[in-house]
Structure formats: structure tokens, C-alpha cells
Amino acid sequence: MGRQVGNNKSSVSFGAVFAGLFFAVALYCATDPFKHSAIADFPDFETYYVELPSWSQIPTERDSSNLLQKSKIMFKDEVQGPESVSFDPQGRGPYTGVADGGVLFWNGESWTDFASTSSNRSEICDPKPSILSYSKNEHICGRPLGLRFDEKTGHLYIADAYFGLMKVGPEGGLATSVSTEAEGVPFKFTNDLDVDDEGNVYFTDTSTNDLASLEAEYPRLRKFLLKLPISAKFQFLLHIGGRPHGVVVKYSPQGKLLQILEDSEGKVVKAASEVEEKDGKLWIGSVLMSFVAVYDLH
Ligand SMILES: [Ca+2]
């Protein structure tokens, strides 16, 4: 009998400790006192529903040979997060936009600063050891996510995540704003663009960058996840399902799938943000890599 009472006592005290611990964790998550969450510095952060294609539209074809793993790694640790890769009308380059907000140019021997999208750059935009440590100042330093030259004028159009659609002359320098809104609706996250033969500029604007479909459907869930006091690295792993996976798909102008290249284990190409085809080679940029991957189509 006495023993039974003892057991009850210990289970009561264990329950109390567990409840106390649970309360402390809940309080920590709710208030984030040490500013660990990914959006701690963005008090006005809002989430939006994003329309995504249905699962039936996603191709089921696979590249079982993981051909992307044959890509050559170029400029290792010389460029951080080179999302968009582009060449100028003379074929020089590549040019790329990197995590610190700059647009860089490869002159054949070294990387040089070519352009910037922020007139407000300071030492807070200086190079950092990790790609993930730039996110706090991106809204000040800029983040060029799409680059494309107008073949006729040589102007470089830049889609900056924070400053909208911008443009800079063939000599580079500080880019000027082309547009930050369409029909009165401000851009949320200008990501990619293209320029046709007549100089018309097309670009995409997404309110989030590569978040999972579930979170697109349930914005409150996304905000909750982002508010959890865990590092940007774990946030990212959570969003992509915990495993990097590079995929490049080629479609015909009619929308027929022509070729699919994969690195399903993320051994070489961890993720592909944009691909530029030039002289039989695919130049693969990624916001997550510290290099450019080049895949030879021949
Ligand atoms: Ca892009």
C-alpha cells in the first residue's frame, strides 16, 4: 500500500515537472526572447496564400541515372548563392547575383563587382561565412534573383526580391528602378525575368520563395513554423523535406517534356534555381550553392 502511494507521488511530481517544462517551451516559442526565429527582425511579416499547380501537373518522369551528378563544379566558394546566371550580348560572363546583394561579373580571370540594386549598401552587406547569414539584411542590401540582358541595348534587367524590377547599363553600377508595382499592386518578391527580341520584359513575382505546398495552402502554418525559434538552416531543411534534390526539366515551346536531369541525392547539384543554356552547356545557379554547376549536354 505504502509503495503504491510512493508511486503516485513520483508520477505526480513527474507530471508537474513535465507540465512546467512544457509551459517553459511554449512560452519560449511564443515570445522568442532570444530572437532566434527566422522572422524575428521582420515584425510586419505577413503570409499569403500562393496558388500552386495541382499534383497531377507535376511530371512523374524520373532521371534514374542522376545525370546532373556529372555536372562540373565551377567557381567553388567564389560565389555565394548564385541564383541567376546570365551572359551579355557579346557572350561574356557569366554574370550572377549573389547572397550579399551584389551582381558579379566573371571577366575570364576573376570575379568583379558589376552592379548593385541597393543605394544603401554598407559594411552590413560585407561577405559572410555562410549563405544563410545574409537573410537579416537582404531588405537593405538587396537580393538579385533574376538577371537577363536585352540583346539589342546591352542593358541588364535585374529582378530584385526587395526592390522590384531594375535596370543597369552595359557598364554596370547602381541599377535604377523600372517598376515596383503592376496596376497599383506592389510586387512582393520579384524573382525571375526574361527579355524577348523586341525588348519586352517578362518577370515573375512570388510572395514567398520555394515554400512547401502545404504552407502555401495554410499561411498560418507557415507563419507558425517561421516563428519557431530554430535556425534558418533547419527552417530550410524543413521546407524542402529535409533533403536537397537538384532537378532540371526541359520543355518544348508546346509544353511537352523533352528531358529531365536529376541529382536526387543532392551530391553535386543540391538545388537548381535557374538554368542558362549556352554553347551546349547548362549553367545551373542555385540560391543554396557556393558555386555554379555546369552540365555538358553533349
Ligand atoms: Ca530567380
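Trypsin sites (Lys or Arg not before Pro) within the stretch 243-298: which are DSSP loop residues with at most 16 other Cβ atoms inside 10 Å?
In loop regions of the stretch 243-298 (DSSP not H, G, I, E or B), the sparsely surrounded trypsin sites (Lys or Arg not before Pro) are LYS256, LYS267.
Once you list every other residue whose beta carbon is under 12 Å from the beta carbon of ASP197, what net charge do they have if Lys and Arg are +1 and Asp and Glu are -1?
-4
Would you kindly derive the ³J(HN,Hα) couplings of the stretch 122-129 from the backbone phi angles with the Karplus curve 6.51 cos²θ - 1.76 cosθ + 1.60 (θ = phi - 60°), listing them in order in whole Hz, with x for Gly and Pro?
Listing the rounded values in order: 8, 5, 5, 8, 4, x, 10, x Hz.
If you add up the charges near SER177, with Lys and Arg at +1 and Asp and Glu at -1, over every other residue whose beta carbon is less than 14 angstrom from its beta carbon, what do you get? Intermediate values should be presented prior to the final figure.
Numbers: positive: LYS167; negative: ASP160, GLU181.
Residues close to SER177 contribute a combined charge of -1.
What is the set of long-range amide H partners of PHE114 at a cut-off below 5 Å, with H atoms built 1.01 Å from backbone N?
VAL103, LEU104, PHE105
List, in order, the whole-Hz ³J(HN,Hα) value for each residue of the stretch 65-74 obtained from phi through the Karplus relation with A = 6.51, B = -1.76, C = 1.60 and θ = phi - 60°; use x for Gly and Pro.
Rounded to whole hertz, the list is 7, 6, 4, 4, 5, 7, 4, 8, 8, 10.
Using 0.36 nm per residue, how much length does the chain from ALA30 to VAL17 gain when fully extended, once their Cα-Cα distance is taken away? Please report the intermediate quantities before stating the final value.
Details: separation 13, 0.36 × 13 = 4.68 nm, distance 1.97 nm.
Gain on stretching ALA30 to VAL17: 2.7 nm.
With Cβ to Cβ distances under 10 Å as the rule, what net charge do the other residues near SER264 carry (K, R +1; D, E -1)?
-1
How large is ³J(HN,Hα) for each residue in the stretch 85-90, as worked out from phi by the Karplus curve 6.51 cos²θ - 1.76 cosθ + 1.60 (θ = phi - 60°), to whole Hz, x for Gly and Pro?
Coupling constants for the stretch 85-90: 10, 8, 10, 7, x, 7 Hz.
Which order do the peptides 137-145, 70-78 come out in when sorted by mean C-beta neighbours inside 10 angstrom, highest first?
Numbers: 137-145: 22.4, 70-78: 14.4.
Those peptides, ordered most packed to least, come out 137-145, 70-78.
If the limit is 31 Å between Cα atoms, which of LYS76/LYS278; LYS128/LYS267; LYS35/LYS270; LYS128/LYS256; LYS128/LYS188 go over it?
The answer is LYS128/LYS256.
The numbers here are math on the coordinates, done by the rules we state, and not lab data. Keep in mind that what you see is a predicted model, and the values were worked out from it rather than measured. All Cβ positions, glycine included, derive from the backbone under ideal geometry; neighbour counts span all protein chains shown.
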